[in-house]
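Please treat every number below as a calculation from the coordinates, not as lab data. Source: prediction; values computed, not measured. Please note: Cβ atoms are built from the backbone with ideal geometry, for glycine as well, and neighbour counts cover all protein chains shown.
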Amino acid sequence: MLWLSEILLRRHDLGSFDELVRTVQERAREGEMFFSMDVKPPFQDTPEDWEDRLEAAFSAALRE
């Protein structure tokens, strides 16, 4: 299980929502099967539909 809070705690170098999206995709490609969004990303550019966008990025990467 991949938790959003885990990514944010481990990856202090992330500076934008787009970087977070790429990280979520990488983790999905590494074999994570489930993704839980337990916190809101703290980035200034986090869009209102952040949950939908992260879920879509994760799901798309699983299908690659």
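So here's what we get for this one:
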{"read-out": "Single residue of region 20-54 satisfying the filter (among the polar types (S, T, N, Q) and either part of a loop (DSSP other than H, G, I, E, B) or without any contact (Cβ under 8 Å) to a residue 24 or more places away in the chain (or both)) that is nearest to MET1 (Cα to Cα)", "value": "THR23"}
{"read-out": "Selection status of ARG10, basic (Lys, Arg) and within 21 Å of GLU64 (Cβ to Cβ)", "value": "no"}
